[in-house]
Amino acid sequence: MKTLVFNLESDAALAAQITHGLQAEAGSLEMRHFPDGESYLRVHDRCADHSCIVFCNLFHPDEKILRLLFLADTLKELGARQRILVTPYLAYMRQDKRFHEGECVSSKPFAKLLSQAFDGLITIDPHLHRYHSLSDIYSINTQVVPAAPLIAKWITQHINQPVIIGPDSESEQWVSQVAEMAKAPFQILEKERLGDYQVNISTPELSAYLEHTPVLVDDIISSGRTILRTLEHLESANMKRATAIGVHGIFAGNAYEGLSNKANVVTTDCIPHISNRIETANALSKAIRIMQHSL
Ligand code: R5P
């Protein structure tokens with residue numbers, strides 16, 4: 001069985017590293033739009049009985065999802081033995097509850113679509129808040145690559161006397177792991193989200209850590225407000241200049257500019273950005289190999 005890696009509108013460098021790590025072949029896709037705006041997609045490889053890895057990073061998912069489903073369907077018709085979706089960022093996981101009457105709990109229909117289209121899914125630290133695991137909503141084989149060991153290694157190599165800070169109770173799951181691996185103390189703050197751009201963070205009790213370097217760790221940096229409010233508290237507590245680490249740096253609008261004025265901003269290379277410092281390709285390749293054997 002040959003392994004083919006198809007990159008669907010995602011980071012070419014990360015796709016190439018994964019292809020190299022798997023000693024696989026890069027699949028060739030032809031995509032364009034018809035004059036009426038509909039999508040044309042063609043697979044140029046023979047896929048019958050091969051393992052087909054689709055690398056499609058689902059941030060800004062609405063722009064990609066239709067072509068992703070078309071590709072999955074085409075690979076099935078071409079006889080692919082297995083179709084594994086690799087999306088370092090798994091979208092729609094934050095819509096895990098009906099907050100107001102009539103709202104779509106979009107994590108569920110999104111999971112249904114991907115579960116119908118693929119045999120397996122690999123992602124990095126999905127946002128698990130009200131769901132205990134991906135299998136609560138995904139009916140296919142899923143594998144989560146944890147970023148904690150990669151982040152802890154980076155902190156150990158680059159930060160002197162860190163104190164790890166999580167901005168909210170959800171962050172404790174990865175902050176506590178990072179702190180343990182980096183052999184550093186940690187603090188978890190309280191967050192209240194009032195709207196897309198409005199966030200309140202509790203005043204932390206950090207006087208014991210004035211000699212430490214605060215290292216904020218969060219899974220997603222989107223509007224950047226969670227990290228920004230936390231940094232403001234650290235400043236008023238007279239802490240040293242902080243480092244803010246995000247697993248998934250989405251940086252909506254000018255979020256990065258606002259944050260980088262106040263802290264050193266570091267992200268994994270899940271989503272291509274100038275703040276990328278932590279590499280994920282090896283961990284992803286390893287997870288793909290494990291899943292290929294388990295399907
Ligand atoms: C919250 O539930 C997440 O863990 C992140 O804290 C959140 O998604 C960050 O969003 P933003 O950057 O928009 O404050």
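The values are calculated or read from the model by the stated rules, or taken from the named source; none is laboratory data. It should be emphasised that the depicted structure is a prediction, and the values quoted were computed from it without experimental measurement. Note that we place each Cβ from the backbone using ideal geometry, even for glycine, and neighbour counts take in every protein chain shown. Note: accessible area is taken over every heavy atom of the protein model, side chains too, but ligands, DNA and RNA are not part of it. Shrake-Rupley method; radii C 1.70, N 1.55, O 1.52, S 1.80 Å.
Output needed for the stretch 56-191: three equivalent-ellipsoid semi-axes, defined as square roots of 5 times the C-alpha gyration tensor eigenvalues, in descending order, whole Å.
On the way: eigenvalues 209, 76, 26 Å².
After scaling each eigenvalue by five and taking roots: 32, 20, 11 Å.
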Report summary line: So the carbon and sulfur contribution to the accessible area of the stretch 1-111, 1.4 Å probe, in percent, is 48
Query raised in the report: Rounded to the nearest 5, what is the percent of antiparallel bridges among the DSSP beta bridges in the chain?
Result: 20
Report task. Would you please put 22-29, 37-44, 164-171, 194-201 in order of how densely packed they are, using the mean number of other Cβ atoms within 10 angstrom per residue and starting with the highest? Result -> 164-171, 22-29, 194-201, 37-44
Query raised in the report: If you look for lysine pairs in the chain that are eight or more places apart or on different chains, how many of them have Cα atoms under 20 Å apart?
Result: 14
Query raised in the report: Counting pairs of Cα atoms in the chain, how many percent are more than 36 Å apart?
Result: 20
**Report entry** Average accessible surface area per residue within the chain, 1.4 Å rolling probe, Å²
**Finding:** 48
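Ignoring any ligand, DNA or RNA, what whole percent of the accessible area of the stretch 148-278 comes from carbon and sulfur when the probe is 1.4 angstrom? Could you put the intermediate results ahead of the total?
Values: 2680 of 5920 Å².
Reported share for carbon and sulfur atoms: 45 percent.
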Requested in this report: Taking the Cα atoms of the stretch 148-278, report the difference between the largest and smallest coordinate on each principal axis, in whole Å and largest first.
Outcome: 34, 31, 26
**Report entry** Note, ³J(HN,Hα) from phi for the stretch 119-133, Karplus 6.51, -1.76, 1.60, rounded to Hz, x at Gly and Pro
**Finding:** 8, x, 9, 10, 9, 10, 5, x, 6, 9, 10, 7, 8, 7, 8
**Report entry** Scaled radius of gyration (Cα, divided by 2.2 N^0.38 Å) that the stretch 150-202 gives
**Finding:** 1.27
